[in-house]
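Chemist: After the structure tokens below, expect a handful of questions from me.
The values are calculated or read from the model by the stated rules, or taken from the named source; none is laboratory data. This one's a predicted model, so the numbers in the text were calculated from it and none came from an experiment. Using ideal geometry, Cβ is built from the backbone for each residue, glycine included, and neighbour counts are taken over all protein chains shown. For the accessible areas, the whole protein counts, side chains as well, though only heavy atoms, and no ligand, DNA or RNA atoms are used. Shrake-Rupley method; radii C 1.70, N 1.55, O 1.52, S 1.80 Å.
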Amino acid sequence: MIAANVPHLPDGDSPDLILVPATPEERIASIKLNSIAWKGPLDVETYIAREDHLYSQRLTRDGLTCWILVDGTEPEGDRTILSSCETYQKKALLAHDGQVEDVSTHGIGSVYCRPEFRGKGYAKRMLEELSRKLDTWKMEKQPRGRALFTILFSDIGKKFYAQFGWRPFSSSHMVLPARAKGELSNGATGKCATRDLYAEDVDKHMCNGTVIANLCEEMRVASKKSQTATVAILPDFDHFVWHWAREEFFAQQLFSHRAPPTIKGAGNDDARVYCAWNRNFGETPEDSVLYILRWVYDEPTSPEQEQVLVQAMAGILRRAQHEAKEWGLSTVEFWNPEPLLQKAVKVLDPDAEVVHREKSSISSLRWTGDEHGLGQDVEWVLNEKYTWC
Ligand SMILES: CC(C)(COP(=O)(O)OP(=O)(O)OC[C@H]1O[C@@H](n2cnc3c(N)ncnc32)[C@H](O)[C@@H]1OP(=O)(O)O)[C@@H](O)C(=O)NCCC(=O)NCCS
């Protein structure tokens, strides 16, 4: 006998199932459903307010779509949400054959199925449908009329999304503990001219036209020597503002007695190295992290320059450790560290190692450029935390 309040559930492969953009009411309903997984320390109403706050940011206000898998025979306004997710349209760069193009992509997030509906194939069906929809979704203005790739960050390992084409890419990080200002760590000299960066500094030093032009040029030159196409999510200021909107919302809720966090990164003008960060407040201090969203620096051209740069990076990391402590976070982390950054971490902690993630935040990319003569493989550069959604 079926209890009266349990709806009849279709099979995951039923021809009646459709994937559609949610109405505003259905979007709120899907946020309520996934709140048990992602509201963290917020109550449900505050979590919805946070999601609305993020939605209103420049990065997402025009490009966010909430998708729901429903039975197409049910009337709009009275449909059971079988599974849901969000997609965020993002600007990106594509380099191939000595040229760089501005392209558009989507990041996928909040893939969810309520516990009582799990194991019936709804998420699988949703992702199958989504992979096809995203090829052309909001791509009318693109020269090819199609997305050449889409990305997501899997928290459920490397296999599930790979079956729909989202292949795992490099997913490593380094971690340093939060430290109070007085605490010394190995090799930290304190001589470096590290300075705090505010939002406008991040814009000025990390998102300006020269930084983007240099990035394009590097990708263009590299693509002349390679058969493999290269993509990057455009590291524009909107990305940073979106991450900060998240931390500022949390800080307002959790630390209403103190001013919102205005220090958004650190830099060293002499060595010309800068980073932007955000504070990620989890349910406990142990899962609260200061994430470095992105690093900007010029490759050194001599061993002396390298030495200066590594010391400056170490000074910046030290500053990040202090900032993490200030806000009750347990660690400083940054993704896919280049060799120079690995050296800088070793200045502070000789035992620190690169961690290769197997389960959470697996950077994953689905490439369809081969259908457009761009080859079967693709390289993802700037695979840093700022791209996360
Ligand atoms: C992950 C989730 C969306 C799957 O929804 P679902 O409708 O039950 O999934 P399906 O029935 O279509 O597919 C089941 C498959 O999901 C995979 N899967 C589900 N949860 C998983 C987990 N925690 N780790 C790894 N794989 C998992 C399994 O491969 C399973 O395959 P199997 O049938 O061979 O065992 C759902 O469990 C959920 O909402 N979890 C909480 C939120 C979450 O973690 N979302 C993913 C964020 S990246």
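Chemist: Quote the FRET efficiency, to the nearest 0.05, computed for Glu371 versus Glu286 with a Förster distance R0 of 45 Å and r equal to the Cβ-Cβ distance. Could you put the intermediate results ahead of the total?
Modeler: On the way: r = 45 Å, r/R0 = 1.00.
My answer for the efficiency is 0.50.
Chemist: Give me the distance in nm between label points sitting 7 Å out from Cα along the Cα-to-Cβ direction at Asp196 and Asp16, one decimal.
Modeler: With each label placed 7 Å out from Cα toward Cβ, I get 5.9 nm.
Chemist: Could you give the length gained on full extension between Ala49 and Gln342, defined as 0.36 nm per residue of separation minus the Cα-Cα distance, in nm?
Modeler: On the way: separation 293, 0.36 × 293 = 105.48 nm, distance 3.85 nm.
Going from the current span to full extension adds 101.6 nm.
Chemist: At a 1.4 Å probe, what is the % contribution of carbon and sulfur to the accessible area of the range 172-356? Mind showing how you got there, number by number?
Modeler: Numbers: 4230 of 8420 Å².
Taking all protein chains in place, the range 172-356 shows 50 percent carbon and sulfur surface.
Chemist: Oh, and also: Based on the Cβ-Cβ distance of Val381 and His257, what FRET efficiency does E = 1/(1 + (r/R0)^6) give at R0 = 45 Å, to the nearest 0.05?
Modeler: On the way: r = 42 Å, r/R0 = 0.93.
The value I calculate is 0.60.
Chemist: List the chymotrypsin sites (Phe, Trp or Tyr not before Pro) within the range 198-247 that fall in a DSSP loop (any state other than H, G, I, E or B) and whose Cβ has at most 14 other Cβ atoms within 10 Å. Walk me through the numbers on the way to the answer.
Modeler: Values: sites: Tyr198, Phe237, Phe240, Trp242, Trp244; in loops: Tyr198.
Within the range 198-247, the qualifying chymotrypsin sites (Phe, Trp or Tyr not before Pro) (loop, at most 14 other Cβ atoms within 10 Å) are Tyr198.
Chemist: Please list, short to long, the whole-number percent of alpha-carbon pairs of the range 172-356 in consecutive 5 angstrom bins beginning at zero.
Modeler: So the P(r) values, bin by bin, are 1, 8, 16, 20, 21, 16, 11, 5, 2, 1, 0, 0.
Chemist: Something else now. Out of all DSSP beta bridges with both ends in the range 172-356, state the antiparallel percent to the nearest 5.
Modeler: Working: 22 of 26 bridges.
Percent antiparallel among DSSP bridges in the range 172-356 is about 85.
Chemist: Full extension from Ala162 to Leu9: what is 0.36 nm times the residue separation minus their Cα-Cα distance, to one decimal in nm?
Modeler: Working: separation 153, 0.36 × 153 = 55.08 nm, distance 2.65 nm.
So the chain would gain 52.4 nm between Ala162 and Leu9.
Chemist: If you line up the long axis of helix 24-38 against the longest principal axis of the chain, both from Cα atoms, how many degrees apart are they, to the nearest 10?
Modeler: Between helix and principal axis, roughly 60 degrees.
Chemist: Something else about it: Using only the Cα atoms of the range 85-151, what semi-axes does the equivalent ellipsoid have when each is the square root of 5 times a gyration tensor eigenvalue? Give whole Å, largest first.
Modeler: Values: eigenvalues 175, 23, 19 Å².
Three semi-axes, in Å: 30, 11, 10.
Chemist: How many angstrom lie between the C-alpha centres of the range 1-74 and the range 127-179?
Modeler: If you average the Cα positions of each part, the centres end up 20 Å apart.
Chemist: Hey, got a sec? Which GluC sites (Glu not before Pro) in the range 300-389 land in a DSSP loop and have at most 15 other Cβ atoms within 10 Å?
Modeler: Numbers: sites: Glu304, Glu306, Glu323, Glu326, Glu333, Glu353, Glu358, Glu371, Glu379, Glu384; in loops: Glu353, Glu358, Glu384.
Qualifying residues, ordered by number: Glu353, Glu358.
Chemist: Could you work out the relative contact order of the chain, using alpha carbon pairs under 8 angstrom and six or more residues apart, expressed as a whole percent? Please list the in-between numbers first.
Modeler: Working: 711 pairs, mean separation 85.8, N = 389.
After rounding, I find 22 percent.
Chemist: On a 0 to 90 degree scale, rounded to 10, what angle separates helix 44-55 from the longest Cα axis of the chain?
Modeler: With both axes taken from Cα atoms, the answer is about 70 degrees.
Chemist: Moving on to the next point. Given bins 10 angstrom wide, list per bin the percent of all Cα-Cα distances in the chain, short to long.
Modeler: Here the calculated profile for the chain is 5, 21, 31, 25, 13, 4, 1, 0.
Chemist: What does the charge count around Ala92 come to, taking other residues whose C-beta lies under 10 Å from its C-beta (Lys +1, Arg +1, Asp -1, Glu -1)?
Modeler: 0
Chemist: 222 nm [θ] for the chain, helices only, -39500 (n - 2.57) per DSSP H run of 4+, per residue, to 500? Could you put the intermediate results ahead of the total?
Modeler: Numbers: 8 runs with 118 residues, N = 389.
Calculated mean residue ellipticity at 222 nm is -10000 deg cm²/dmol.
Chemist: Relative contact order for the range 172-356: what is it in percent, counting Cα pairs under 8 Å that are at least 6 residues apart?
Modeler: So the answer I get is 38 percent.
Chemist: Using a 1.4 angstrom probe, figure out how much accessible area the chain has per residue, in square angstrom, rounded to the nearest whole.
Modeler: Working: 18060 Å² over 389 residues.
With all protein chains present, the chain gives 46 Å² per residue.
Chemist: Per the Kirkwood formula on distinct C-alpha pairs, the Rh of the range 228-317 is how many angstrom? Please report the intermediate quantities before stating the final value.
Modeler: Numbers: mean 1/r = 0.0659 Å⁻¹.
For the range 228-317, inverting the mean 1/r across all distinct Cα pairs yields 15.2 Å.
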